[in-house]
Each structure stands twice: as structure tokens, then as C-alpha cells.
1. Magnitude of the Cβ-charge dipole of segment 127-184, K/R +1 and D/E -1, about the Cα centre, nearest 20 debye?
2. Across 10 Å bins from the origin, how do the percents of Cα pairs in segment 1-41 run, short distances first?
3. Can you give the accessible area of LEU24 in Å² (nearest 10), computed on protein heavy atoms with a 1.4 Å probe?
4. Counting only residues 5 or more places away or on other chains, whose amide H sits under 5 Å from the amide H of GLY320 once H atoms are built in the peptide plane?
5. What does the net charge come to around ASP131 if you take all other residues with beta carbon closer than 15 Å to its beta carbon, with K and R at +1 and D and E at -1?
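The values are calculated or read from the model by the stated rules, or taken from the named source; none is laboratory data. This one's a predicted model, so the numbers in the text were calculated from it and none came from an experiment. Glycine also receives a Cβ, built like all others from the backbone with ideal geometry; neighbour counts cover every protein chain displayed. Note: accessible area is taken over every heavy atom of the protein model, side chains too, but ligands, DNA and RNA are not part of it. Shrake-Rupley method; radii C 1.70, N 1.55, O 1.52, S 1.80 Å.
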Amino acid sequence: MIGAAGTGQGPAWSPPNGVGKDELDAQVGPQVHAAITAIADRLGPLEVGAINYPATGLEPFDTGAVTARVAYDISAYRMSKDLGYSRAYEKLKKEAAECRSKKFVLVGYSQGGHIMGDLAQSVFHGNGPVDRSRIAAVVLIAEPAYNGPSPRTTEAIYSQGKLTQDQDHWSIGGSLGQRAAFETNDPVVSICVYGDPVCDGKDLFGQDGKPKAVTNKDMHFLYLGHPFEGVKDFATWAGVQAARIIQPTDPPGPAPAELPGKPSTPPAPAPPAREAVTIAQADAKTVTVTVADAAGAGPRAVRCWNATDATHNWKTNYLGEIQISIPRNGTFTVTCPTAPKPGTFSLEFFNWRWSPAIQWR
């Protein structure tokens with residue numbers, strides 16, 4: 001794994017009180033450390049390398065963030081980020097050459113997420129130091145080029161001291177622009193807390209006329225210390241999602257030993273697989289949906305597409321989104337905001353699954 005700390009963190013900075021300079025918190029920052037730990041908990045011990053770069057350009061946070069936005073090309077932030085990108089590129093190239101079977105996980109927080117996102121896109125677009133097959137997963141935490149509509153992005157709402165996943169999945173963008181969307185087959189997990197002036201800073205000023213970096217700066221540090229979706233914090237949750245991309249299912253346990261002289265009992269045949277979701281066209285805009293043992297039961301955003309998971313495109317075949325309460329078992333209807341055109345059609349149940357495709361007539 002290769003980790004890039006955020007601004008004010010990492011090898012170029014003095015470690016926090018009580019933290020040794022060689023500890024992971026000091027090398028990659030606590031947010032990246034949390035994600036790395038979650039991945040290692042599932043996959044086993046992993047080698048971790050840190051990117052040593054200035055990690056400067058946003059201090060003090062309130063005025064530095066504004067300066068980076070309005071004068072990006074000549075800002076200290078860009079010089080720091082570009083140097084971090086160069087060092088991450090060279091580190092990935094060097095380690096890949098030393099071990100040609102090694103695969104990599106890229107993890108970054110804040111400015112470090114900006115670096116790792118840029119590096120991942122270089123690789124996925126064929127301009128990186130390794131083939132895309134050698135990138136096992138990418139975790140981007142609160143990066144300033146956050147692209148809300150990109151696949152596998154997740155936003156959280158902070159209210160009354162708690163973080164909860166937002167099912168509406170609003171289209172938000174980073175304070176330094178929105179990077180090009182990743183493809184659905186890119187193994188990228190990207191997260192953001194609503195109101196974080198770094199990843200949700202597309203609108204530089206709030207309704208009070210003040211820069212978000214002044215009024216909301218504390219929201220950039222909510223990725224630790226607040227439980228999210230059943231795990232200890234949002235950064236850890238992101239690591240868990242990345243681990244599931246790398247290893248979708250737990251490995252099978254060892255087969256039981258046979259007793260001498262006693263033939264083993266053949267395993268019972270597996271029950272036929274049940275499709276959790278089936279859909280059928282009901283009228284010009286409405287779909288009948290039947291679910292069985294739906295793991296995604298409950299309130300959820302449902303999107304209509306003239307496409308499949310592999311072919312969907314926000315600009316050409318997105319038909320809108322509605323909110324639905326999905327039963328564990330049963331039938332319900334979804335009325336698409338825009339009438340589908342004849343051809344391929346499917347539903348996306350946000351943060352759960354896609355339906356099988358049907359032919360719309």
C-alpha cells in the first residue's frame with residue numbers, strides 16, 4: 001500500500017504529541033492509517049510506504065484554502081501537490097519494477113487524496129508507471145477534486161454529533177474543481193462529508209457570504225471519531241469498502257479431515273440461487289419491481305437508466321432518481337422522472353446493487 005497524508009501531516013511535518021516519527025500516524029496521517037488498518041484487517045499484513053512531500057499550501061486553513069482556489073496555478077498548494085504526485089509516481093514505478101507480481105493500493109486524505117486520485121487516473125488512462133491491472137484499489141478521503149456523481153462515491157451528513165449516509169447522493173464537487181469521473185470498473189472508493197470545505201467546496205462562499213473554509217473548517221476533520229454504518233469511523237468504512245473490492249468474499253475455511261476408514265460424506269447440493277431483484281415494464285414510465293430477501297431493504301435512492309451498470313453514462317442515458325422504501329420481500333413500483341426510450345433499461349439501487357437489464361418497449 002502507498003499512503004499520502006493530508007496538508008500539515010506526513011514525514012515533512014513534526015508528528016503529533018506522543019506519536020513517534022516512524023509510526024504510521026506520523027508517516028501517512030491518522031485518516032489514511034485508519035483506512036489502511038481496515039484493509040489489512042481483512043487481507044492480512046501488508047507492506048505500507050508513505051509519500052514524503054511538503055504537504056503545504058493550505059495554512060492557515062481559512063485563507064490558504066481561498067488562495068489555492070483563486071490562484072491555483074501559482075499557489076504553494078499546487079507546487080506541493082505536484083511534487084507529491086511526482087514522488088508517488090516514481091515510488092509506484094520503482095516498487096513495481098522491483099516486484100513484478102506486486103499489486104498496489106493507493107490511499108490519500110485531503111491533499112494526499114488529490115495526489116492519489118491524479119495518479120490513479122494517470123494509470124487508468126494508460127499514462128501511469130504501471131498497468132491498470134496492478135492497482136487493486138484506491139481510497140480517496142475528502143479530496144479537493146471530489147466528483148460526487150463518480151461511481152463508488154459516498155457522502156455522509158453530520159448532525160447532532162453523528163454521521164449518517166446520505167441516500168440522496170447530491171451532486172457535489174471539490175473546492176479545487178471536479179476531476180473527471182472514474183469508470184465503473186475502476187476500483188476507487190471516494191468519500192466526503194457534506195459541508196467539508198475541501199471536498200464539498202465547489203461553492204466557495206456560504207449563504208452568509210463568508211468562505212466555507214472559515215465557517216466549516218472543522219468538518220474536514222470528521223472522518224475519525226464518529227461511527228459510520230456500523231464501523232468505528234468514516235475513514236475505516238472507506239477501507240472496508242476497498243477491501244471488499246480486492247477480496248469480494250471471505251476465503252473458504254479448510255476442509256474437515258477425514259477419519260481413517262470412513263468415507264467422507266458428500267456435501268449437500270447448494271440451493272438454487274435466488275435473484276434478489278426482478279423488474280418488468282408496467283407502462284411508459286413505470287417499472288414493477290419484485291425483491292426477495294433484499295439485503296438493501298429500507299429507504300434508498302433508485303435511479304433509472306437506459307443502460308446497464310457497465311454502459312451507463314450520466315450525460316446520455318440517465319433518466320432521473322426517486323426515493324423508495326424497499327421491502328425485504330414483495331413488489332413495488334418505480335416511476336421514472338423521464339420516460340425511458342426503447343432499448344436496454346435497468347435500475348440502480350444506490351449503494352446496494354443494479355437490477356438485471358430488460359428491453360424497454
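1. It works out to roughly 160 debye.
2. 34, 54, 12
3. 60
4. Close amide H contacts, sequence-distant or interchain: CYS304.
5. +4
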